[in-house]
1. Hey, what's the chain come to in accessible area per residue, 1.4 Å probe, Å²?
2. Compute the whole-percent fraction of alpha carbon pairs in the stretch 52-109 spaced more than 18 Å apart.
3. Can you run phi through the Karplus equation (6.51, -1.76, 1.60; θ = phi - 60°) for the stretch 106-123 and list ³J(HN,Hα) in whole Hz, with x for Gly and Pro?
4. Relative contact order for the chain using alpha-carbon pairs under 8 Å, separation at least 6, rounded to a whole percent?
5. List the residues whose amide H sits under 5 Å from the amide H of Ile224, counting only those 5 or more places along or on another chain, with H placed 1.01 Å from N in the peptide plane.
6. What does the net charge come to around Ile75 if you take all other residues with beta carbon closer than 11 Å to its beta carbon, with K and R at +1 and D and E at -1?
7. What is the helix-to-structure angle for 178-188, meaning the angle in degrees between its Cα long axis and the longest Cα principal axis of the chain, kept from 0 to 90 and rounded to the nearest 10?
8. With all pairs of different alpha carbon atoms counted, what Kirkwood hydrodynamic radius in Å does the chain show?
Amino acid sequence: MKKKRATRKEIYTLADLQTLREVDPPIRLGVLGDPVEHSLSPQMQNAALKHCKIDRQYARFHILPNQLGEAVGLIRKREFVGVNLTIPHKIGALEFVDSLDENVKRIGAANVIKIEGGKARGFNTDGRGFSRAIREEFSVDLRDLRMLVLGAGGAARAIALQCAKENCERLVIANRTFDRAEQLADELRDFFTGPKVLGPVPRLQAIRWEEAAFRFQIANADLIVNATPVGLNRGDLSPIPSRLLAPHVMVYDTIYSAKRTPLVAAALEAGARAANGLSMLLHQGALAFEIWFQREPPIEVMRKTLA
Ligand code: NDP
């Protein structure tokens, strides 16, 4: 007699992973997070799987921090293709994987795990996803830009490293906890020893989270990136007020919960060009697909699901 298949759930838990009952198509990919219900990755990745006729399904897993080790063990045992990691697991996962991509070692955070031959390998596609998003949104390469990055957490570290690798003109890191901005700048110092200096301002700098510092730096910046969660919650103000922004800057907010985040709204009010983080989400996801399946992702199909 044919075995009865379970019905599909919106959110799975560790208990589901322990007793995984097959659904059709079988779940062999997913996103691990806490919370995870906001994640748009399932719709994007499932559309890609369907388009490529890959008989696998991508699911949401609500995994608490103290469950992460067991969850990674189970996805290994159940021969998953891989998973994405979202808050708060990007750093915690490093201790549970068998090997780390070079990027992950430098950033200290992974957003992708691939299972191969029973081993879990950590990758980080946020930086390259960001770079592709900037090219797509503003038709410019990081190489040409004077950057002001807000934040020094996981996303900011991936973005700052990518800017450094692509030899951006200038990189300024602003963070609420100044020490973390300084530490990140120190780690990237080797990338900025070249002679590409524009005027009296240093090529690499950490600054305090203060209006006067923002005002000065914005006059010497082409692209401002928000890599903090400021703007995510209802009632949040823009991390940089409109009066400090100017038409010459491009503004990218990694937040994608709204089309017009507070920062995007402030930028548009100042006459600047601005975009939210949906394009970064798309490209980091497309790069993850490429890592898992070693084939080109159907980017337009994925984009459509996010529109
Ligand atoms: P982390 O927790 O690692 O880092 C958060 C950063 O934001 C820290 O630098 C922290 O500063 C700063 N911060 C937090 N609250 C405030 C505040 N109230 N005022 C000023 N600074 C603050 O988070 P991640 O780096 O993983 O994620 C940051 C954001 O990036 C997320 O909210 C998400 O929206 C976005 N993101 C988007 C992606 C995309 O694909 N579009 C991918 C990944 C992330 P401090 O050091 O002082 O604590």
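The values are calculated or read from the model by the stated rules, or taken from the named source; none is laboratory data. For clarity, every value in this text was computed on a predicted model and none was experimentally measured. Quick reminder, even Gly has a Cβ in these numbers, built from the backbone with ideal geometry, and neighbours come from all protein chains shown. These accessible areas exclude ligands, DNA and RNA; they are computed on the full protein's heavy atoms, side chains included. Shrake-Rupley method; radii C 1.70, N 1.55, O 1.52, S 1.80 Å.
1. Solvent-accessible surface per residue comes out at 47 Å².
2. Details: 619 of 1653 pairs.
So the portion of pairs separated by more than 18 Å is 37 percent.
3. 6, 7, x, 8, 10, 10, 9, 10, 10, 9, 9, x, x, 10, 9, 10, x, 10
4. Numbers: 606 pairs, mean separation 46.0, N = 307.
About 15 percent, as a whole number.
5. Hits under the 5 Å cutoff: Leu148, Met250, Val251, Tyr252.
6. Summing Lys and Arg as +1 and Asp and Glu as -1 gives +3.
7. 80
8. Numbers: mean 1/r = 0.0496 Å⁻¹.
Answer for the chain: a Kirkwood hydrodynamic radius of 20.2 Å.
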